[in-house]
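The values are calculated or read from the model by the stated rules, or taken from the named source; none is laboratory data. Predicted model only: the values in this text are computed from it and were never measured. Note that each Cβ is placed from the backbone with ideal geometry, even for glycine, and that neighbours are counted across all protein chains shown.
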Amino acid sequence: MMKYLKTLSLTSALSIAASVAPAADYSDDIHKNDYKWLQFNLMYAYKELPRPKDANSGHDYLEMEFGGRSGFLDLYGYLDIFNLTNSDNSDKKGSSKTFFKLQPRFSLDAITGKDLSFGPVQELYFSTLFNWGGGGANYTDSQGKVVESIDVNNSFWGLGADVMVPWFGKVGVNLYGLYELNKKAWNGYQLSTNWFKPFVHFENNSFLAYQGYIDYQFGAKNTFKGNEQATSGGAMFNGFYWHSERWAAGYGFKLYKDVYLIKDSKKLESTGISHYVAVTYKF
């Protein structure tokens, strides 16, 4: 079972990016919108999917999240360390201890020195995404066969854009082809979006934000390298968080449908809802 997650996607990156000049013309200085950020998120996930029917309820984890912009490179990533207390009641017991996500996007505006914006599209990118680790514990499939879980080793390649959307403001959009490095083969496509929208502001400059993302896979075959899979599926994360200059805290829920192209079954659930709480310190 390939298992990975994403929670506070692009929270600080979008917040900071929203405050810099939106110009896509980098002909004068490709470093004019540079910035960087780092934060630590202490989190708990309740009934995260996919999960065996008999799995324990959830797990704690520490997420070291980072991102920024330097010239043509727009970067986001995080490292998750699971089951910090090494609890026997964690659904991560027996699973990989870590998961790493890295999302480098390369600005076509900055590389070409031309303003490629049009309409609501502010900037265009060559987009990549890499997922490593995070394999779950072995499980028994619907035929009673023990399935050995392996760490994720995925890469995504495609085009991206920053798009201005009414009310939401700047939204990241990426369309990828998925190349599974473990299988050494292409396996359909993924459309990803992410957003960060402050909607209540307080006198002390703190605020409440609605933040989240959608990852939707499609165009996959019924069988991939001999394994049956769903042809489409995905997840949507919806988070509601309070932010100050140094701290953040909140709750989010994730909706799943055959997530990671794993078909929902009585033995292995991949469709449903999970819940997350988090406390963040920002550097």
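Structure notes:
- Search result, residues across region 50-80 that are among the hydrophobic types (A, V, I, L, M, F, W, C) and either assigned to a strand (DSSP E or B) or within 20 Å of residue 132 (Cβ to Cβ) (or both): 62, 64, 66, 73, 75, 79
Here is a yes/no grid of residues against (1) closer than 26 Å to residue 188 by Cβ; (2) more than 16 Å from the chain's Cα centre (by Cα):
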| residue | (1), (2) |
| --- | --- |
| 205 | no, yes |
| 218 | yes, yes |
| 226 | yes, yes |
| 234 | yes, no |
| 255 | yes, no |
| 264 | yes, yes |
| 269 | yes, yes |
| 282 | no, yes |
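- Residues (aliphatic (A, V, I, L, M) and more than 30 Å from residue 208 (Cβ to Cβ)) located in region 240-282: 261, 262, 268
- Listed here are the strands (runs of 3 or more DSSP E) enclosed by region 165-283 that have at least 1 residues being free of Cβ contacts under 8 Å to residues at least 12 places away in the same chain: 185-201.
- Of the residues making up region 189-226, those that are aromatic (Phe, Trp, Tyr), surrounded by 15 or more Cβ atoms within 10 Å (Cβ to Cβ), in contact with a Leu (Cβ under 9 Å, 6 or more places away or on another chain) and under 28 Å from residue 125 (Cα atoms) are 189, 195, 196, 213, 216.
- Failed condition for residue 184, given (1) more than 17 Å from residue 235 (Cβ to Cβ); (2) surrounded by 14 or more Cβ atoms within 10 Å (Cβ to Cβ); (3) not small (Gly, Ala, Ser): (2)
- Listed conditions (1) more than 21 Å from residue 173 (Cβ to Cβ); (2) in contact with a Lys or Arg (Cβ under 9 Å, 6 or more places away or on another chain); (3) surrounded by 16 or more Cβ atoms within 10 Å (Cβ to Cβ); (4) among the hydroxyl-bearing types (Ser, Thr, Tyr) are all met by residue 78, apart from (1).
- Selection of region 81-115 for residues being surrounded by 18 or more Cβ atoms within 10 Å (Cβ to Cβ), of a type in the set (A, V, I, L, M, F, W, C) and either out of contact with any Phe, Trp or Tyr (no Cβ under 7 Å at 6 or more places or on another chain) or part of a strand (DSSP E or B) (or both) yields 82, 99.
- Contacts under 6 angstrom Cβ, first residue in region 68-91 being at positive phi, partner of a type in the set (S, T, N, Q) and assigned to a loop (DSSP other than H, G, I, E, B), 6 or more apart: 83/90
- Taking the listed residues 202, 130, 168, 224, the one that is modelled with pLDDT of 95 or more and either farther than 30 Å from residue 242 by Cβ or in contact with a Pro (Cβ under 8 Å, 6 or more places away or on another chain) (or both) is 130, with no other qualifying.
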